[in-house]
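Each remark here refers to the structure printed beneath this line.
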Amino acid sequence: MSGSAHPGRRRYDVIVVGAGMAGSLVAKRLGDQGWRVLVLEAGTGTLDTWPGHLDALDTFASAVAKVPNSPYRPNAVAPSPDVLDVGGLPGGGYRAHGYLVQRGALPYNSDYLRASGGTGLHWLGLTPRMHPDDFTVRSRYGYGRDWPIGYDDLEAHYRAAERELGVAGDAAEQADAIGLPFPEDYVYPMREIPRSYLDDVLAARLDGHAVQEKPGSAHTTLRVVTTPHARNSTPHEDYDGGRGYRPVGAAGLPNYGERCVGNASCTPICPAQAKYTPLKTQAAWSRDVTLVTRAVVSRVLTTSGGRARGVEYQEYDDPAAPASVTRTAEADVVVLAAHAIENAKLLLVSQLATRSDQVGRNLMDHPVLLTWGLMNHPVGPFRGPGSTSGLEGFRTGAGRRTRAPFRIVIANWGWSWPAGSPGADVARLLGMGDDSAAPRGRGLFGAALREELGRGISRQFALQFEMEQEAEGRNRVTIDPLHRDLLGNPRPVVTYDLSDRVKRGMAAAKAVSDQIFGLLDAEDHTAYGPGPFAPGHFRFEGRDFVYQGAGHGAGTHVMGASRETSVVDQWQRCWDHPGLYAVGCGSMPSVGTANPSLTMAALALRSSERIHRELSELRRPLTVRTAHAPEVRP
Amino acid sequence: MTATGPLTGQTDPARHTDISAALAVVEEPPFRVPRDRAELHLFLQAALTLEHLTIPPYLTAMYTLPPGTNRPAHYAVRAVVLEEMLHMTLVANLLNATGGTPLVAHSRFVTGYPARLPFSRDKVPVALRHFGTKALDTFLYIERPEYVAEPPGHPSVADDDGWTSIGQFYNTIREGVIRLSRKLGEAELFHGDPARQVGPKDFYNSGGEVFAVTDLASALKALRVITEQGEGAAGGIHDTDDRLFGEVREVAHYFRFNEIRQERSYGPHDTPRSGPTGPAMDVAWQDTYPIDPEAKVAHYPPGSAVRRAADHFNEVYARLLVVLERGYTGDPAVLGAAVPVMLELRDLAEALYRNPHPDPAKRALGLHAAATYEITDRHFTLARDRLSEAPGATALPG
């Protein structure tokens, strides 16, 4: 596009592709060590100012559909997938439009965000650690893929990530209820986010009771357990050997957001910025880190020997206009941190890391089964973070041999996810049906409407069953020259399906849910069927199910012990290309049942250490010695 | 040191002529350096009352901004309010550290408005005004860095001068703390129960940090935070949050208000004398709910929705003070329960200020209904009796 060969040619120690959570953490660590880091972000960077944040809040407030990407302005040249891109068909099946091209039997129903801060802007902020069993699912339970490293290798980095993200939690409870190993006397930086009233009600009725997945199977005892959050809470005075912890406030406004105040809109945006976002890490970057936004990396460049030498990127000015200038930047190390799907896309476009034929394969998410109902008294939904507690008893164990394990999230945001509450409740009571073209029926108005809304919404609750999905080669991201975006870059083509073991997990989850609802004496309103809002509908063993995506895309540049069967090694280094790292959830060989961001952050920090060593080694002076002449014996 | 800001004197109190009522007078301690522990407690209680005195006027300016308007000003005023709350809490820590008992939930603690600014030479009315130039002029007067007279007893100060500035009052407390520490011994002066000290885990640190006061050094640091966050440090425009807390350095209160008043931000090299020369600040003076600066609940017709809302606001404000007092005089963890109460106040204010004034004559002037902060002992009794079933009570430690 540009006349000169390398108009923007600059040299750095490290180029990081993507200013999301993993990229921001890598840049921080390496910048702190004095390395010159260039961060290239495909999206815009308005969110790190307070007016930008307020604009996103306003956009969210006025959005008709409150989905994870709704606060963030659309970007035509660096588009993001949106959960609204996928719709269900009346008789089952789905239709997809938008950025991702979908070719699977079932839709990949998750989004991500291409903007500075990345998907970490709209994440919920839950930071459970993975269970030690999750790292060895192949050898222990006979499915999926094993990690080349285990929980113990990652434990110190989990702690480092918990510091960087600012995690609030109860380590003793995590150890006792889930069996997670922590160093003796470890406490999280902040005390746990207090349980919601709903959590207390559920705990009173469920704790100590046992449920069965099916008649004759083993009993599992229920226990409501608080969830660790990357969300500001009361700092723990015993943290860090008694030095305590100082909560990190909002990016763009001093002295703001140093505690969670219980807004329930964590996903997609925390108004107070008590929730960690990568913008907080960026605010602490050293001067050695340079961020360039609106720079879409289009190709990774290598030397003839296969070593990474830089990237080619397209710098654009107007997010609505298909115009850009192509530039290159060079560095000793290139770190892809652009999200699992974008990292795979970049490797495929650059025709790199081809040896194992695993790039783009093993795409995983946490398919979510929702169940929802009304309690027999008000439980105060829409207050406090989206979730404060869960039921952890189904995350591992013998059941895992035959069906996917799952983690049960207690949702504090009513039926907003399963049924679009409270907007949908208002519409229903106003007499509006699903068909917007049909005449409106008789509705309630004024005080009667408010009272009826209060009666219904105040009793809403939902459970989110987050299923582990195992690595399967058939679930994959590819590219197709026929499908390109406005800048001419290929759009990701996704082929996705759920295995029978995931579906068996959902059937078990539904059976568990039925018993929980019985114990709660709750009115079950769960209903699964095909329709426009149920693209994730399928039938399994004669029953209907609908799943949602969790936005936890993973596995597409899978980590392994051998260059023949995996894309990256345990340091997230591409086996085939010295100096090229692919970091993020794409490296994960299995995802367990924990929300993956904390594990991703721990991996990124671990890789930063390796990158630092690699850069240091590259600069180590060679000592030239005179070769001694062989001793001459007389 | 003569911090003679170019604006000193600009806010001529004589311009506040729209106030007709007599100004409420806040009791001032005797004009001398506190001589014993009991007198120090009297001074510190007066400081607590003084720190609180500014909060209702600042909240009024904030709450008269229709939601979403004047955002830069909104966040600036909000940040100052938070720091006044921090100052209140630090003064409470000082009182507790020296064996005193903070008094908060009492009708004597909440002055009537309009009040006369205490410790000031001039008769400056402090009224509950909507966001506007008059409110800002008052705020500038309250926070202004000015030549600070030495404490009473100093050769340069005559015995009958009386208090001339808030800075002088705080310098006098400082002098008293130092003298008493010398006289009684540091350990003896700071013999208060350490369990009463509010620390960072109890307070939503926002703008500086709450810290325990346990000795002379922490006591002097607390007094330094209080004066420097308001007036700036050593003749500059910034506070010392960077040096004291490792935080971002901020423009001190006086200069933050001046940014709004001048519709322009301070640049990095500005001084009090240069005034703000940075980027323009987006201030829309017309985007406000104008209110009667002398509004009383009694002006609203009995039984009307506005009357009920104004009454309810005062009840909830009383509850906030009851929660604060319990936090300052018992378990500091109770302060966590103040947060839902403050959010409730915000929502009540939003519902109240948007109503036109019920009086047709005042409505014709474009005036809106307002919160009056008339907090009586009846409100406190009610708030204490109903605390356990009030919204937010679940946040109280069990």
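Given B:361, B:310, B:338, B:383, which one is small (Gly, Ala, Ser), on the phi < 0 side of the Ramachandran plot and surrounded by fewer than 19 Cβ atoms within 10 Å (Cβ to Cβ)? Spell out how you get there, then give the answer.
Values: B:310 fails: surrounded by fewer than 19 Cβ atoms within 10 Å (Cβ to Cβ); B:338 fails: surrounded by fewer than 19 Cβ atoms within 10 Å (Cβ to Cβ); B:383 fails: surrounded by fewer than 19 Cβ atoms within 10 Å (Cβ to Cβ).
Exactly one of B:361, B:310, B:338, B:383 is small (Gly, Ala, Ser), on the phi < 0 side of the Ramachandran plot and surrounded by fewer than 19 Cβ atoms within 10 Å (Cβ to Cβ), namely B:361.
Can you say whether residue A:163 is closer than 28 Å to residue A:223 by Cα, basic (Lys, Arg) and surrounded by fewer than 19 Cβ atoms within 10 Å (Cβ to Cβ), as far as the supplied structure shows? Lay out the reasoning, then the answer.
Details: closer than 28 Å to residue A:223 by Cα: yes; basic (Lys, Arg): yes; surrounded by fewer than 19 Cβ atoms within 10 Å (Cβ to Cβ): yes.
So residue A:163 fits the description; yes.
Of these, B:180, B:128, which one is out of contact with any strand residue (DSSP E or B) (no Cβ under 6 Å at 6 or more places or on another chain), away from every other protein chain (no Cβ under 14 Å) and in a helix (DSSP H, G or I)? First the steps, then the outcome.
Working: B:128 fails: in a helix (DSSP H, G or I).
When all the criteria are applied, what remains is B:180.
Residue check: is residue A:408 surrounded by fewer than 24 Cβ atoms within 10 Å (Cβ to Cβ) and at pLDDT 95 or above?
On the way: surrounded by fewer than 24 Cβ atoms within 10 Å (Cβ to Cβ): no; at pLDDT 95 or above: yes.
Judged against the criteria, residue A:408 is not a match.
State yes or no: is residue A:305 surrounded by 24 or more Cβ atoms within 10 Å (Cβ to Cβ) and not in a strand (DSSP E or B)?
Values: surrounded by 24 or more Cβ atoms within 10 Å (Cβ to Cβ): no; not in a strand (DSSP E or B): yes.
Considered against the rule, which asks whether it is surrounded by 24 or more Cβ atoms within 10 Å (Cβ to Cβ) and not in a strand (DSSP E or B), residue A:305 comes out as no.
Here is a check on your reading of the model: is residue A:457 β-branched (Val, Ile, Thr) and either at pLDDT below 95 or under 30 Å from residue A:209 (Cα atoms) (or both)? Let's see the steps before the verdict.
Details: β-branched (Val, Ile, Thr): yes; either at pLDDT below 95 or under 30 Å from residue A:209 (Cα atoms) (or both): yes.
Yes.
Could you say whether any residue in the stretch B:183-205 is aliphatic (A, V, I, L, M), surrounded by 21 or more Cβ atoms within 10 Å (Cβ to Cβ) and not in a helix (DSSP H, G or I)? I'd like the intermediate steps shown before the answer.
If we filter the stretch B:183-205 for residues that are aliphatic (A, V, I, L, M), which is where we start, we get B:184, B:187, B:189, B:195, B:198.
Next, only the ones that are surrounded by 21 or more Cβ atoms within 10 Å (Cβ to Cβ) stay: B:189, B:198.
Filter once more, keeping what is not in a helix (DSSP H, G or I): B:198.
Yes, because at least one residue in the stretch B:183-205 is aliphatic (A, V, I, L, M), surrounded by 21 or more Cβ atoms within 10 Å (Cβ to Cβ) and not in a helix (DSSP H, G or I).
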Legend entry - Among (1) in contact with an Asp or Glu (Cβ under 9 Å, 6 or more places away or on another chain); (2) within 19 Å of residue A:70 (Cα to Cα) - the single one residue A:268 does not satisfy: (1)
Legend entry - Residue in the stretch B:111-122 that is within 17 Å of the chain's Cα centre (by Cα) and either farther than 21 Å from residue B:257 by Cβ or assigned to a helix (DSSP H, G or I) (or both) present: yes
Legend entry - Those residues of the stretch A:257-289 which are of a type in the set (Ser, Thr, Tyr) and assigned to a loop (DSSP other than H, G, I, E, B), in sequence order: A:265, A:267, A:276, A:277, A:286
Legend entry - Boolean, residue B:213 is modelled with pLDDT under 85, out of contact with any His (no Cβ under 6 Å at 6 or more places or on another chain) and either within 14 Å of chain A (Cβ to nearest Cβ) or surrounded by 17 or more Cβ atoms within 10 Å (Cβ to Cβ) (or both): no
Inset, instruction - Inspect the stretch A:351-363 for any residue being under 29 Å from residue A:544 (Cβ atoms), in contact (Cβ under 8 Å) with a residue 12 or more places away in the chain and surrounded by fewer than 24 Cβ atoms within 10 Å (Cβ to Cβ) and give the result as yes or no. - result: no
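Any chance the stretch B:63-85 includes a residue that's part of a loop (DSSP other than H, G, I, E, B), farther than 29 Å from residue B:287 by Cα and away from every other protein chain (no Cβ under 14 Å)? Before the answer, list the steps.
Start the filter on the stretch B:63-85 by keeping residues that are part of a loop (DSSP other than H, G, I, E, B), which leaves B:64-70.
So of that shortlist, the ones also farther than 29 Å from residue B:287 by Cα come out as none.
Among the residues of the stretch B:63-85, not one is part of a loop (DSSP other than H, G, I, E, B), farther than 29 Å from residue B:287 by Cα and away from every other protein chain (no Cβ under 14 Å), which makes the answer no.
Scan A:624, A:583 and give me the residue that is at pLDDT 95 or above and either touching a Ser or Thr at 6+ places or on another chain (Cβ under 7 Å) or surrounded by fewer than 16 Cβ atoms within 10 Å (Cβ to Cβ) (or both). Even if it seems obvious, please write down each step before you answer.
Working: A:624 fails: at pLDDT 95 or above.
The match here is A:583.
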Legend entry - Residue match in the stretch A:241-256 (condition: more than 14 Å from chain B (Cβ to nearest Cβ), buried (at least 23 other Cβ atoms within 10 Å of the Cβ) and part of a loop (DSSP other than H, G, I, E, B)): no
Inset, instruction - Tell me, yes or no, whether the stretch A:64-83 has at least one residue that is part of a helix (DSSP H, G or I), under 23 Å from the mean Cα position of the chain (by Cα), among the hydrophobic types (A, V, I, L, M, F, W, C) and farther than 17 Å from residue A:341 by Cα. - result: no
Inset, instruction - For residues that are part of a loop (DSSP other than H, G, I, E, B) and in contact with a helix residue (DSSP H, G or I) (Cβ under 9 Å, 6 or more places away or on another chain), scanning just the stretch B:341-358, find the one that is surrounded by the fewest Cβ atoms within 10 Å (Cβ to Cβ). - result: B:358
Inset, instruction - Go through (1) at pLDDT 95 or above; (2) within 27 Å of residue A:464 (Cα to Cα); (3) more than 25 Å from the chain's Cα centre (by Cα) one by one and return the number of the condition residue A:415 breaks. - result: (3)
Inset, instruction - List every residue pair whose Cβ atoms sit under 6 Å apart, with the two residues 6 or more apart in sequence or on different chains, where the first one lies in the stretch B:328-346 and is within 13 Å of another protein chain (Cβ to nearest Cβ) and the second, anywhere, is buried (at least 16 other Cβ atoms within 10 Å of the Cβ) and of a type in the set (Asp, Glu). - result: B:332/B:202; B:333/B:202; B:335/B:202
Legend entry - Qualifying residue in the stretch A:169-189 (condition: among the β-branched types (Val, Ile, Thr), more than 14 Å from every other protein chain (Cβ to nearest Cβ) and either crowded, with 24+ Cβ neighbours inside 10 Å or touching a helix residue (DSSP H, G or I) at 6+ places or on another chain (Cβ under 6 Å) (or both)): no
Legend entry - Enumeration of residues in the stretch B:131-168 that are surrounded by fewer than 21 Cβ atoms within 10 Å (Cβ to Cβ) and either basic (Lys, Arg) or in a strand (DSSP E or B) (or both): B:134
Inset, instruction - Of the conditions (1) touching a Gly at 6+ places or on another chain (Cβ under 7 Å); (2) crowded, with 19+ Cβ neighbours inside 10 Å, residue A:375 clears all except one; give me its number. - result: (1)
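With crowded, with 20+ Cβ neighbours inside 10 Å and at the interface with chain B (Cβ under 10 Å from one of its Cβ atoms) as the only criterion, which of A:235, A:268 stands out? Reasoning before the result, please.
Values: A:268 fails: at the interface with chain B (Cβ under 10 Å from one of its Cβ atoms).
Matching residue, one of A:235, A:268: A:235.
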Inset, instruction - Kindly list, by first and then second residue, each pair from a residue in the stretch A:456-474 that is touching a residue at least 60 places away in the same chain (Cβ under 8 Å) and aromatic (Phe, Trp, Tyr) to a residue that is outside any loop (DSSP other than H, G, I, E, B) and buried (at least 24 other Cβ atoms within 10 Å of the Cβ), limited to pairs with Cβ atoms under 6 Å and residues at least 6 apart or on different chains. - result: A:461/A:198; A:465/A:369; A:465/A:406; A:465/A:408; A:465/A:509
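The values are calculated or read from the model by the stated rules, or taken from the named source; none is laboratory data. Remember, predicted model here, so these are calculated numbers, not experimental data. All Cβ positions, glycine included, derive from the backbone under ideal geometry; neighbour counts span all protein chains shown.
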